[in-house]
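The values are calculated or read from the model by the stated rules, or taken from the named source; none is laboratory data. Remember, predicted model here, so these are calculated numbers, not experimental data. We place every Cβ from the backbone using ideal geometry, glycine too, and count neighbours over all the protein chains shown.
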């Protein structure tokens, strides 16, 4: 079986980091991984202390590298075959038994070549912010509306892509968007990068795929859009190139939820 590691990217937020690392222990992650690493941007002493006190390896940078630069450095610092790259405000919310079961299935999908990426943000408890409002603008909860119908007529490809993104919301997503999704096991669905964008949310993937494909492509992609002057990975990969690759992306029930304490430093 391939080795597995978790890497957490953090910047000026020891309180969030502490909650997240505690959730790893409570959710039974520690016995399942071969490497636990925190990458601390700007070498924040409080965050370094939190990580070391929890028994995590620590790597640091002297300056804030931004989301893309931070993930690039994190990927280089990881040593395991499979990695779980995460930001510091995604906590595990499942029991140790559920965490172990879901990660075992996710690892199997990657190890057997069935998937390139397995998304691990919880469907039932994703936390905020999430994209439900955008989805329901095209596919309302309850009765359909004239506004939603017009959106689907005027923007048909956008509507189909949004329907496919229901993979992150619904267990029966494949029945709702059979043109893009396939049920591969009870509670598990598969799509491709034609329909599902790259997300910095928690996911499982091979380290070499993350470094040599995801990070490398974002690094090579020129863009004027920045967050605090830095690339953010998602904006660079939301492109025609990504949609043309047909990367295989799976989603199960999910084990992570987003819950942040305080302001993250950007919107």
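What is the one condition in (1) over 25 Å from residue 235 (Cβ atoms); (2) crowded, with 23+ Cβ neighbours inside 10 Å; (3) modelled with pLDDT under 95 that residue 94 does not satisfy?
(3)
Let's see how each residue does on (1) in contact with a helix residue (DSSP H, G or I) (Cβ under 8 Å, 6 or more places away or on another chain); (2) touching a residue at least 40 places away in the same chain (Cβ under 8 Å):
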{"residue": "73", "(1), (2)": "no, no"}
{"residue": "78", "(1), (2)": "yes, yes"}
{"residue": "83", "(1), (2)": "yes, yes"}
{"residue": "86", "(1), (2)": "yes, yes"}
{"residue": "100", "(1), (2)": "yes, yes"}
{"residue": "115", "(1), (2)": "yes, yes"}
{"residue": "123", "(1), (2)": "yes, yes"}
{"residue": "127", "(1), (2)": "no, yes"}
{"residue": "151", "(1), (2)": "yes, no"}
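Go through segment 168-184 and give me each residue that's touching a residue at least 24 places away in the same chain (Cβ under 8 Å), in contact with a strand residue (DSSP E or B) (Cβ under 9 Å, 6 or more places away or on another chain) and assigned to a loop (DSSP other than H, G, I, E, B).
Those that are touching a residue at least 24 places away in the same chain (Cβ under 8 Å), in contact with a strand residue (DSSP E or B) (Cβ under 9 Å, 6 or more places away or on another chain) and assigned to a loop (DSSP other than H, G, I, E, B): 170, 171.
Quick one: in segment 52-71, of everything that is within 22 Å of residue 19 (Cα to Cα) and in contact (Cβ under 8 Å) with a residue 40 or more places away in the chain, which residue is surrounded by the fewest Cβ atoms within 10 Å (Cβ to Cβ)?
64
Residue by residue, here is whether (1) more than 19 Å from residue 208 (Cα to Cα); (2) in a loop (DSSP other than H, G, I, E, B) holds:
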{"residue": "9", "(1), (2)": "no, no"}
{"residue": "25", "(1), (2)": "yes, no"}
{"residue": "36", "(1), (2)": "no, no"}
{"residue": "47", "(1), (2)": "yes, no"}
{"residue": "62", "(1), (2)": "yes, yes"}
{"residue": "72", "(1), (2)": "no, no"}
{"residue": "76", "(1), (2)": "no, no"}
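Could you grab me the full set of residues in segment 153-179 that are farther than 27 Å from residue 98 by Cβ and either out of contact with any helix residue (DSSP H, G or I) (no Cβ under 9 Å at 6 or more places or on another chain) or surrounded by 15 or more Cβ atoms within 10 Å (Cβ to Cβ) (or both)?
Correct list: 154, 156, 157, 159, 160, 161, 162, 163, 178.
Within segment 120-147, restricting attention to residues that are loosely packed, with under 11 Cβ neighbours inside 10 Å and touching a strand residue (DSSP E or B) at 6+ places or on another chain (Cβ under 8 Å), which residue is modelled with the lowest pLDDT?
129
Tell me which of these residue 80 doesn't satisfy, since it passes every other one: (1) at pLDDT 95 or above; (2) closer than 29 Å to residue 181 by Cβ; (3) part of a loop (DSSP other than H, G, I, E, B).
(2)
Can you tell me which residue within segment 11-22, out of those that are in contact with a helix residue (DSSP H, G or I) (Cβ under 8 Å, 6 or more places away or on another chain) and assigned to a helix (DSSP H, G or I), is surrounded by the most Cβ atoms within 10 Å (Cβ to Cβ)?
As a first pass, look at segment 11-22 and keep what is in contact with a helix residue (DSSP H, G or I) (Cβ under 8 Å, 6 or more places away or on another chain): 11-14, 17-18, 21.
Filter once more, keeping what is assigned to a helix (DSSP H, G or I): 14, 17-18, 21.
Numbers: 14: 18, 17: 28, 18: 19, 21: 25.
Here the answer is 17.
Could you list, in sequence order, the residues of segment 129-149 that are in contact with a helix residue (DSSP H, G or I) (Cβ under 9 Å, 6 or more places away or on another chain) and under 29 Å from residue 215 (Cα atoms)?
130, 131, 134, 135, listed by residue number.
So, in segment 224-237, exactly how many residues are surrounded by fewer than 15 Cβ atoms within 10 Å (Cβ to Cβ) and either part of a strand (DSSP E or B) or on the phi < 0 side of the Ramachandran plot (or both)?
3
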